[in-house]
Every structure is written in structure tokens, then in C-alpha cells.
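Report on one structure; see the data block that follows.
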There are 4 protein chains.
Amino acid sequence: MTMFIEKKTVSSDLAERMIQAAKERAAELGIAINVAIMDAGGNLLAFSRMDQAPLLSIDIAQDKAYTAAAFGRPTHEWYDVIKDKPALKTGIVHTKRLTVFGGGYPIRCGNDLAGGIGVSGGSTDQDQACCEAALSLINE
Amino acid sequence: MTMFIEKKTVSSDLAERMIQAAKERAAELGIAINVAIMDAGGNLLAFSRMDQAPLLSIDIAQDKAYTAAAFGRPTHEWYDVIKDKPALKTGIVHTKRLTVFGGGYPIRCGNDLAGGIGVSGGSTDQDQACCEAALSLINE
Amino acid sequence: MTMFIEKKTVSSDLAERMIQAAKERAAELGIAINVAIMDAGGNLLAFSRMDQAPLLSIDIAQDKAYTAAAFGRPTHEWYDVIKDKPALKTGIVHTKRLTVFGGGYPIRCGNDLAGGIGVSGGSTDQDQACCEAALSLINE
Amino acid sequence: MTMFIEKKTVSSDLAERMIQAAKERAAELGIAINVAIMDAGGNLLAFSRMDQAPLLSIDIAQDKAYTAAAFGRPTHEWYDVIKDKPALKTGIVHTKRLTVFGGGYPIRCGNDLAGGIGVSGGSTDQDQACCEAALSLINE
């Protein structure tokens, strides 16, 4: 019997550096964002709101990061999965914190799901670009 | 480093006068409304419910004001932004307090976002007319 | 009539630097903490959880920062105020988010209340020491 | 059979005037308060926050008004009722919105319970004085 399993999870240091990378990309795009990083347990690890970023996005960024960390799929892939399944499309969006539009990505250590990042404040494309800038740190 | 930034926020006096102006417009239109004013931090500053105004609108008025204060956009503009983006249209309406129909407006001091007003109780057009009556005090 | 009032609020830059200072002090003390910074409107501006910091403290740190930002008093002063007033002592602790033990401090720009910091993870004394290390950046 | 009963409830006009009276008393006392008026149904009728009043008191004022409107007793009388009954003292304070310290009063039309007023921002004595100033309008 395997009594314990090992989980990879994002470190506090990586979380801080991802947030800086996302904010630098946002500054290049001329937008102000909220960025959140969740660990493998779906718990808040780091968060930052840029000056002038919308208050409404504080929770959206965290919910995107949570959705990605808790399911292992970028949030922008959800809509394609549910769009032709009327029951899912109508119902699953009521799941607490589930976000079905772009701006949330899982953070992986190799194949292991180790957390999630969520960005909110720009357009969906811009939010995704900020996440990708942060994720590129991992493959460097 | 800039340690502190300066934000304009609606004064208590202006909030009271905006509420009176919105209610006067409602009386002219023959409707009974709930009116809420949020400050720049999205916190309730003033609220009034006219006799006979619907109870269901107590929270709607506050959520409209919050949405406008927390995102800087009139609530009636949201639907045009999301209507052709299926994932957003399906998903973003589940954001806590986000209201995507008319009756909420940001309150601006010049270009600065300084709060929000929300009205609920009449038709969308009537609610918007009450907000606009209140906002006209600022430009007088 | 004064239509708008001006409020100072913590900048995103200061928030980040305060968090780093609090974490450095925690490392010196040999503890792992959660740190949260709220702006003048009581909205989350920045957050960081150190590796090994307790999950239970994620919300406690945020609630301490909120209490300080929303009332303008360090959280460790609350108990002295309420301890000899039985009704307050019994009742006010049920206020949503109100924290009456140490580890939360208002952030002031001169006399203006501009936000709050909250730390949770160590003893009350240690949490306070981390806050104080962060606050010392403002007076340098 | 009596099919319907008649309830008195505070009018919107009285609510506004009570709020003004409470704020004038607060200004005399040199404090900044939040004031809320609930109708006979326990629903928010009017609210005002003075400039510089604590954000933490936004909900406390509303909860005091609700407690008074929903039970017909000033909030400062609760503690005497529960203090020698350990089960009540331990348990009833967990009732949602119930406030057991001063600053909330029922609004009566003759003997009928017609609503409640709640004030928060000063000491308990000061909050009560503001409520009493508002209530004195009814007996004039």
C-alpha cells in the first residue's frame, strides 16, 4: 500500500517572480491588471493589483487561478468543452468560482499540476498574454 | 518610488444631493426607485428607497453602483462588449455583484473614477434617466 | 459644497516592498507568514504566503489588514477597548472580518488613513514585529 | 377570519429626516458616523456614511438597525437579558446580524413597531445619542 503521495506545488519565490513577469507584460501592453497565484491545494499563494487596475477584477483573477489549479486546464478551453452540451453549458457555470473564459492557466512541474495563475484587467487576449509571460519563466 | 497615490472620491454631501436628484426625476417619471452611491473604494456611501419601490431592487441598485465604481464603465455598455464573445457572455455574468444591464454609471471627477451610482425600480431606460439626472449635478 | 474629497492610498509599489520587508523579518525570526496589504478602500492590493506558512492564516492575515484599513486602529488595541465593556466584548467580535488580536496595523500617509497591513503565521508578537518592519519603510 | 393585517412602516421621508438629525448630532459630538434605517420588514430604507466615518461600521450600522426593527428592542438592552443565561450568552450572538451592544433602536408608531435605526462610528454612548436625536423627530 502506498500510504503517502508526493505533490509538487509552486514555491513562494516562483509565485513572486511570475507576478512580476505578468505585471511587466501588462505594462508593455498599457494595461493595469490583477494577478493571482494559487498553489496545488487551490489556496492563495501570491496576489498583486497594479495601480488603477479595476476592483471588480480582484476576485475574477483569483477565481481564474483557482479554476486552473483545481482542474488542470486553461480557463479559455472550458467554453469549447461545454458549448455543445446544453445541460453543462447551462449548469456548470454555477459552480462556485468556476471561470469559463480566458486568463487562467495551470502551472505544471513537468506533467504534474502544481498550481494556477489568473490575470484580470485587460481583454481576454491581453490577460492570457500576461499569464503566458509569467509561465515562460518555468521553461527558461 | 511613489509610496502613496491620491484618489478622488465622492463626498457624502454630493452623494446625498445625487440621491435627491435621482428621486426627483423618478417622481416626474411616476416611478419609485432604489438609489445607491458607492465611493471610489466600492463601499456604500448613501442609499435611499422611495415608498413603494420594490424590495428586490435594494440589492440590484447597490450592485449596479458597485459594478460601475469597480470597473469604471456604465452597466448598459457591458452587454455590447460580451454579446459576441460566447465564453464571456456565458461566464462573466456569474461574477459576484457584476450587473450587465442599464442603470449604473461611474461617477467621475474629471478623468478620475471617484465612485458609482445605481438605480433600480423602473425600466432600464427610466433607471438610466434617474442616474443621468443625478450625474448632471457634477457638470453644473 | 465639496463634491469630491481626496484620499491617499497605498501604491502597488509600496505594497510590494512592505511585503518583502515583512517576509525578511519573518525569515530572521525563523517563522513562515502570510502577509496582506489592503488599500484605503479596504480592497486587497497585495498578498504573499511564504513556503510552509499555515493555510488557516491566509484569511486571518487579510482580515487583520482589512480591520486596520477599515477602522484606522492597530488590531492589538481592540481588546483593551472592549475588555471592560461586556456587551461589546460579547458582541462585536461577531462583526464580519473584525479581528481583535495583534498583527494588523493601519498604513498612514501623515495623518491620513491610506490602507492596512496584516500578518499571520507566528505568535502575536512575531506577527506584530513583521508588520512593524514593513511600516518602517514609510518613515525612512 | 381576519384575512389581512395592517402594518405601519417608516416612510422614506421620515427616514431621510432621521438620518439628517443623526448626522447633525454626530457633527456636534465631533464624530463621523454611518446611519441606517430599516423599514418594518427589516429591509434597508435609507443609509448615509459621513466623510471619514469608518468602513468597518457600514455593516454594523445596518445590523443594529436590523436587530432593532426585527425584534422591537433597543440593542443595548440585549446584554442584560442574556448575561446571566450562559446558553443564550454563548449561543445567541451567533444569530446572523444580531447585535447586542448599543446604537440600534426600534422606530415606533404609537405602540406599533415600524422599523429600526442603527448608528455606528463613535462610542456606544455617542452612537445612542445620535439615534435618540433622530427618534426625537417622531414625538415633536
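The values are calculated or read from the model by the stated rules, or taken from the named source; none is laboratory data. In this text the structure is predicted, and so the values were computed from the model without any measurement. Note: ideal-geometry Cβ built from the backbone for every residue, glycine included; neighbour counts use all protein chains shown. What goes into the accessible areas is simple: the full protein's heavy atoms, side chains included, and nothing from ligands, DNA or RNA. Shrake-Rupley method; radii C 1.70, N 1.55, O 1.52, S 1.80 Å.
Brief remarks on what is shown
- Bins of 10 Å, starting at 0 and running to the largest distance - Cα pair percent for chain B: 14, 44, 30, 11, 1, 0
- Derived scalar couplings ³J(HN,Hα) [the range A:11-19; Karplus, 6.51 cos²θ - 1.76 cosθ + 1.60; whole Hz; x for Gly, Pro]: 7, 4, 5, 4, 4, 4, 5, 5, 4
- Of A:ASN111, A:ASN34, A:ASN43, the one that fluctuates the most in a GNM where chain A has Cα springs shorter than 10 Å: A:ASN111
- Label 7 Å beyond Cα on the Cβ vector: D:ASP80 copy-to-copy distances, nm: 3.1, 6.2, 7.0
- Neighbourhood net charge (10 Å Cβ-Cβ; Lys/Arg +1, Asp/Glu -1) for D:ILE33: +2
- Of the two radii for the range D:36-117, the radius of gyration is 1.01 times the Kirkwood radius, both from the alpha carbons; that is the Rg over Rh value.
- Here the Karplus curve 6.51 cos²θ - 1.76 cosθ + 1.60, taken at θ = phi - 60°, turns the phi angles of the range C:60-74 into couplings of 4, 4, 5, 5, 4, 5, 5, 4, 5, 5, 8, 9, x, 9, x Hz, with x standing for Gly and Pro.
- Principal axis dimensions, the range C:96-140 - Cα atoms, whole angstrom, descending: 28, 26, 10
- Over the C-alpha atoms of the protein assembly as shown, the Rg to Rh ratio, Rh being the Kirkwood estimate, stands at 0.98.
- Links that overshoot a 24 Å alpha carbon limit, given the list A:LYS83/B:LYS83; A:LYS85/B:LYS64; A:LYS96/C:LYS7; B:LYS96/C:LYS23; B:LYS23/D:LYS96; B:LYS64/B:LYS85: A:LYS85/B:LYS64; A:LYS96/C:LYS7; B:LYS96/C:LYS23; B:LYS23/D:LYS96
- At 0.692 mPa s and 37 °C, Stokes diffusion of the range C:1-76 via Kirkwood alpha-carbon radius, µm² per second: 245
- Each residue of the range A:110-126 was assigned a 3J(HN,Hα) from its phi angle through the Karplus expression (A = 6.51, B = -1.76, C = 1.60, θ = phi - 60°), giving x, 8, 7, 6, 10, x, x, 10, x, 10, 8, x, x, 6, 4, 4, 5 Hz with x at Gly and Pro.
- Pseudo-label separations to other copies for A:GLU6 - Cα-to-Cβ vector, 7 Å, nm: 5.6, 5.8, 7.9
- Across chain D, the relative contact order, built from alpha-carbon pairs under 8 Å that are at least six residues apart, equals 30 percent.
- Summed over both chains, the contact between C and A buries some 1400 Å² of accessible surface at a probe radius of 1.4 Å.
- Between the range D:92-138 and the range C:99-140, the alpha-carbon center distance in angstrom: 33
- Selected from A:GLN62, A:GLN128, A:GLN20 as most flexible by GNM, with chain A as the system and alpha-carbon contacts under 10 Å: A:GLN20
- The range A:1-79: trypsin sites (Lys or Arg not before Pro) in DSSP coil with no more than 12 other Cβ atoms inside 10 Å: A:LYS7
- Of the GluC sites (Glu not before Pro) found in the range D:1-72, those in coil by DSSP whose Cβ has at most 15 other Cβ atoms within 10 Å are D:GLU6.
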